[in-house]
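Report on the structure given below.
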Amino acid sequence: MNPYRPPLADIRFLLETFDYAGQIQPLPGCEDFDLDTAMDLVDGYASWCVDVLLPLNGKADHQGVRFVPETHEVVTPDGFKEAYAAFRENGYGSLPFPPEHGGLGAPSCLSILASEILIACNKSFSMSPGLTAGLIDALEAHGSHHLQESLLPKLVSGEWSGTMALTEPHCGTDLGLLTTRAEPHGDHYKLTGTKTWITFGEHDLTDNIVHLVLARLPDAPPGIRGISTFVVPKFLDGGVRNPVFCGGTDHKMGIHASPTCVMNFEGAEGWLVGEPHRGMVAMFTMMNAARLNVGIEGVALAEAATQAALAFAKDRRQGRSLDPSKQEKGAAADNILVHPDVRRMLLTAKSTTEGLRGLVAWIAMNYDIMNKSTDEAARAKASDLVALLTPIIKSYGSERGFLNVSEAMQVMGGAGYTADWPVEQFLRDVRIAMIYEGTNHVQALDLVGRKLPMGGGRLMQGFAAEITALIRSCADDARMAPFVGPLKAESKRLTETTMNLGAAAMQDNEVVGAAASSYLNQFALVTLAYIWVRQVKAVIDRPEDDLLRRGKLQTARFFFEHVLPEAELYARRVAAGKGATVEIDVDLL
């Protein structure tokens, strides 16, 4: 049983809260997308996902993909080819891309928010169009005119799909160790090497697959500075097969309907993207978009799992309420929603999921401003916010998403652990999100080691100014005090933690490695507090929508009283430094 319903009301509320009409609609290329038009688009998208993809999710997970060694082909589960054809025909994969390449020209924030629904309905299916979108971003930013003209129309239309081929058997995060080589050959290159864990590296959904590949030129310097980026299609002009073949698919804990492939490049023809030896610039364009989408995976599956747990809890009777006045007379047992701990678990999931969705909406709008605004100052401000908060969305979004799915399973007890409900699949499917596109600790190191020092602390100062401005805007409204007070206190604590961590890191870099993950989680909770204050401020004077207002206020209250206090715990962990972590005898582990 899967009772999932897309959170359309919350998506509309967030678009209003973060000033959709003011920030997005006037941007170049987005003039036709007012709020009502945007929601009509999302409504249609959501209906299609629920009608077509949701029924396939459990069946495809059970069936999985099939690798055919004789032909190096991968067969996707029953119904995927037909669903993908409909997805392409409806133009859902082309929403945010320029009309000159066949896209709809919608704001990126709409496709990003809509992707939550796609992921919740069928995470395995969603991974192919998600990677294709990232490849399109990389080509738009770094591809030559020839590559853009030859590849983008077919990628935007969905006729072709894309992958990201980074990792190798001996190197994952440390890409400086990669050995795939690219030899010049006329106007192109020939690539030789093996790539592993390549999502949708081979499949039967599209006529062609275009791989974005990291490799080394013959004169490449060692390490990360010697990496170049190439596009390598499965088929060349005239339908000639390029020698890039799937060598097998991985057997995984989850996402069974998404093929994860070993790809062998055997002198495959490829074309350089960007400048030689500067391949990570192009790759990070694709990867940063992917990191935002990974955070949304946590939001999507936490939302779907919480809905399932709530539906179960409303029907399940076990035990009696500890408050005699709440016991249902004439019943042998009470509905489990009367139990405080069940409510605690559901509210923890709801408050963090809605907070994260709000953060995604805000950053997605800034992503549009960064790429489309004609105001240079606005673009710079938006770019700083996107850079600073993307690691938090990826890391905390995926971690909290997993924990929230686990909480949903706990609410359901043994039923949640069975395949009769979708939560056990959600738990398996979402676990990978903490690992790929840079593990969560890598995100924490990026935040502390790169983003905080950037521009002399400019990014952090800009975000702190956003928090200060919000606090001041609420100063005259006593109703906001229960929310603004904790935000002010925890943002001050975060500033102190940041300064102390920076000072400690100047003396010993290993402190960063020991403290970065705790610091990111502290930062994430303060960020969600900021998002929740903005939501409360937007909803507190909406008597015309009393259910929305009351729901947001009670969820926010729980967040500030029961979730935000975790920030102090993380601050204490950061302050503890590295001693107990590194000063150990590894033989005693």
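If you go through the stretch 152-164 one residue at a time, how many are crowded, with 23+ Cβ neighbours inside 10 Å and farther than 19 Å from V65 by Cα?
Going residue by residue through the stretch 152-164, those that are crowded, with 23+ Cβ neighbours inside 10 Å are 155-156, 158, 161-164.
Next, only the ones that are farther than 19 Å from V65 by Cα stay: 155-156, 158, 164.
Selection size over the stretch 152-164: 4.
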Does the stretch 71-90 hold any residues that are among the polar types (S, T, N, Q), within 18 Å of I198 (Cβ to Cβ) and touching a residue at least 24 places away in the same chain (Cβ under 8 Å), and which are they? T76
Report yes if A378 is farther than 20 Å from G438 by Cβ, surrounded by fewer than 22 Cβ atoms within 10 Å (Cβ to Cβ) and among the aliphatic types (A, V, I, L, M), otherwise no. yes
Considering only the stretch 107-122, state which residues are outside any helix (DSSP H, G or I) and modelled with pLDDT under 95. P107
Answer residue from the stretch 529-555, given it is out of contact with any Pro (no Cβ under 9 Å at 6 or more places or on another chain), more than 14 Å from C474 (Cβ to Cβ) and of a type in the set (D, E, K, R) and is modelled with the lowest pLDDT among those: E544
Across (1) without any contact (Cβ under 8 Å) to a residue 60 or more places away in the chain; (2) within 21 Å of L347 (Cβ to Cβ), G298 clears everything bar (1)
Kindly indicate whether M370 is assigned to a helix (DSSP H, G or I), within 17 Å of the chain's Cα centre (by Cα), under 15 Å from Q25 (Cα atoms) and not small (G, A, S). no
Pairs under 7 Å by beta carbon, first residue touching a residue at least 60 places away in the same chain (Cβ under 8 Å) and within 16 Å of K492 (Cα to Cα) in the stretch 458-482, partner surrounded by 14 or more Cβ atoms within 10 Å (Cβ to Cβ) and of a type in the set (D, E), six or more apart or different chains? G462/D384
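Scan the stretch 481-500 residue by residue and report those that are in contact with a helix residue (DSSP H, G or I) (Cβ under 6 Å, 6 or more places away or on another chain) and of a type outside the set (G, A, S).
Residues satisfying the conditions are F483, V484, P486, L487, K488, E490, R493, L494, T497.
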S108: passes all of (1) crowded, with 22+ Cβ neighbours inside 10 Å; (2) polar (S, T, N, Q); (3) within 16 Å of T206 (Cα to Cα) but (3)
Look at S124 and say whether it is touching a His at 6+ places or on another chain (Cβ under 9 Å), in contact (Cβ under 8 Å) with a residue 40 or more places away in the chain, farther than 15 Å from A304 by Cβ and crowded, with 24+ Cβ neighbours inside 10 Å. no
When you check E168 against the structure, is it touching a Lys or Arg at 6+ places or on another chain (Cβ under 7 Å), of a type in the set (D, E, K, R) and more than 23 Å from T285 (Cβ to Cβ), yes or no? no
Would you check if there is a residue in the stretch 372-386 being closer than 22 Å to V533 by Cα and of a type in the set (D, E)? yes
Just need a number here: residues in the stretch 62-112 that are of a type in the set (S, T, N, Q) and farther than 21 Å from V156 by Cβ. 3
Name every residue in the stretch 190-237 that is over 22 Å from L177 (Cβ atoms), among the polar types (S, T, N, Q) and free of Cβ contacts under 8 Å to residues at least 60 places away in the same chain, in order of residue number. N208
Given the stretch 15-106, what helices (runs of 4 or more DSSP H) lie entirely inside it while holding 3 or more residues that are β-branched (V, I, T)? none
The lone condition A503 fails out of (1) without any contact (Cβ under 8 Å) to a residue 12 or more places away in the chain; (2) touching a Gly at 6+ places or on another chain (Cβ under 9 Å) is (2)
If I filter the stretch 152-175 down to residues being of a type in the set (S, T, N, Q) and not in a strand (DSSP E or B), which single residue comes out as farthest from E202 (Cα to Cα)? T173
Restricting to the stretch 547-589, what's the tally of residues that are farther than 30 Å from R357 by Cβ, touching a residue at least 40 places away in the same chain (Cβ under 8 Å) and in a helix (DSSP H, G or I)? 3
Quick check, is Y396 modelled with pLDDT under 95, crowded, with 23+ Cβ neighbours inside 10 Å and either part of a helix (DSSP H, G or I) or of a type in the set (S, T, Y) (or both)? no
Only residues that are part of a helix (DSSP H, G or I) and surrounded by fewer than 20 Cβ atoms within 10 Å (Cβ to Cβ): list them for the stretch 471-484, please. I471, R472, S473, A478, R479, M480, A481, P482
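One line per residue, one yes/no per condition, for (1) farther than 22 Å from H256 by Cα; (2) not aliphatic (A, V, I, L, M):
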| position | (1), (2) |
| --- | --- |
| L8 | yes, no |
| F33 | yes, yes |
| V42 | yes, no |
| L54 | no, no |
| K59 | no, yes |
| H72 | no, yes |
| F80 | no, yes |
| G91 | yes, yes |
| L113 | yes, no |
Is at least one residue of the stretch 35-56 surrounded by 21 or more Cβ atoms within 10 Å (Cβ to Cβ), within 22 Å of A304 (Cα to Cα) and among the charged types (D, E, K, R)? no
Leading residue by the ranking (surrounded by the fewest Cβ atoms within 10 Å (Cβ to Cβ)) among those in the stretch 538-580 that are β-branched (V, I, T) and within 21 Å of E496 (Cβ to Cβ): V563
Hits in the stretch 247-261 (condition: within 17 Å of G201 (Cβ to Cβ) and either among the hydrophobic types (A, V, I, L, M, F, W, C) or part of a strand (DSSP E or B) (or both)): G247, G248, T249, I255, A257, T260, C261
Given (1) under 29 Å from T196 (Cα atoms); (2) among the acidic types (D, E); (3) in a helix (DSSP H, G or I), identify the lone condition not met by E407. (1)
Scanning the stretch 500-546 residue by residue, the ones that are basic (K, R) and either part of a helix (DSSP H, G or I) or under 25 Å from the mean Cα position of the chain (by Cα) (or both) total 2
Do you know which of the residues in the stretch 325-375 that are in contact with a helix residue (DSSP H, G or I) (Cβ under 6 Å, 6 or more places away or on another chain) and surrounded by fewer than 19 Cβ atoms within 10 Å (Cβ to Cβ) is farthest from Q410 (Cα to Cα)? K326
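The values are calculated or read from the model by the stated rules, or taken from the named source; none is laboratory data. Values in this document were obtained by computation on a predicted structure and should not be read as measured data. All Cβ positions, even for glycine, are placed from backbone atoms using ideal geometry, and neighbour counts span all protein chains on display.
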